[in-house]
Amino acid sequence: MGLDDKIKNAAQDATGKAKEKIGNATDNDKLAAEGIADQADAKVKKGVENVKDEVK
């Protein structure tokens with residue numbers, strides 16, 4: 001995985017965690033769900049990049 005991809009995925013995961021916490025704190029279910037989705041997306045991207053690294 002390239003350094004740029006690692007940084008982008010970490011940023012997306014952190015953003016997702018923040019959205020989830022803010023959404024839960026403010027009873028905003030939509031924002032909390034967006035945060036969970038962002039975290040899941042980052043996890044999938046990380047998995048894909050790890051597979052690419054193993055294939056090389």
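Taken together, the values in this text are just the output of simple stated rules run on the coordinates, not laboratory data. For clarity, every value in this text was computed on a predicted model and none was experimentally measured. Cβ sites come from the backbone with ideal geometry, for glycine too, and all protein chains shown count toward neighbours.
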Inset, instruction - Mind pulling the angle between the C-alpha long axis of helix 29-55 and the longest principal axis of the chain? Nearest 10 degrees, somewhere in 0 to 90. - result: 10 degrees
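Cut-off is 10 Å between beta-carbons; in what order do Glu34, Glu54 appear when sorted fewest neighbours first?
On the way: Glu34 16, Glu54 7.
Least crowded to most crowded, the residues run Glu54, Glu34.
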Legend entry - Size of charge dipole - the chain - debye, nearest 20, with Cβ of Lys, Arg +1 and Asp, Glu -1, no other charges: 120 debye
Inset, instruction - Return the FRET efficiency for the residue pair Val48, Asn28: r is the Cβ-Cβ distance, R0 is 30 Å, and the value is rounded to the nearest 0.05. - result: 0.50
Legend entry - Shape call, the stretch 3-55: gyration tensor on alpha carbons, a/c limit 1.5: prolate
